[in-house]
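The values are calculated or read from the model by the stated rules, or taken from the named source; none is laboratory data. Everything numeric in this text was worked out from a predicted model, so none of it was measured. When we count neighbours, we look across all protein chains shown, and the Cβ atoms used for this are built from the backbone with ideal geometry, even at glycine.
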Amino acid sequence: MPADAVWDVYIADDGYLWVATEGGLVRFDGIEFTVFKCKRHDAFTVDDVRRIAAARDGNLWLATYGGASYTSTAIHSAATATAKAAITRARSAVK
């Protein structure tokens, strides 16, 4: 985890665990944690993510300490690609 402060936790319909922390947004895919920080993702400009909410279309909205909310379409796509790669690695290791 990128920070000691955890502000919110959300379990998405696809089963992934999202964690809002003082040090960025974290996604747990059942195998590994992926940290998303504003320096690497244009979807938000502050690392201190306070709340997570789901939109009707399945995207996530992030409320940051700065008070603005951002959709996480880009983050979700990147995390899905990361999760698929991790699952492929795990399956290969088991074989």
Pull up the range 62-84, narrow it to residues that are in contact with a His (Cβ under 8 Å, 6 or more places away or on another chain) and within 18 Å of residue 28 (Cβ to Cβ), then point me to the one that is modelled with the lowest pLDDT.
78
Please work out which residue is modelled with the highest pLDDT, limiting yourself to the range 52-61 and to residues that are farther than 12 Å from residue 26 by Cα and not in a loop (DSSP other than H, G, I, E, B).
53
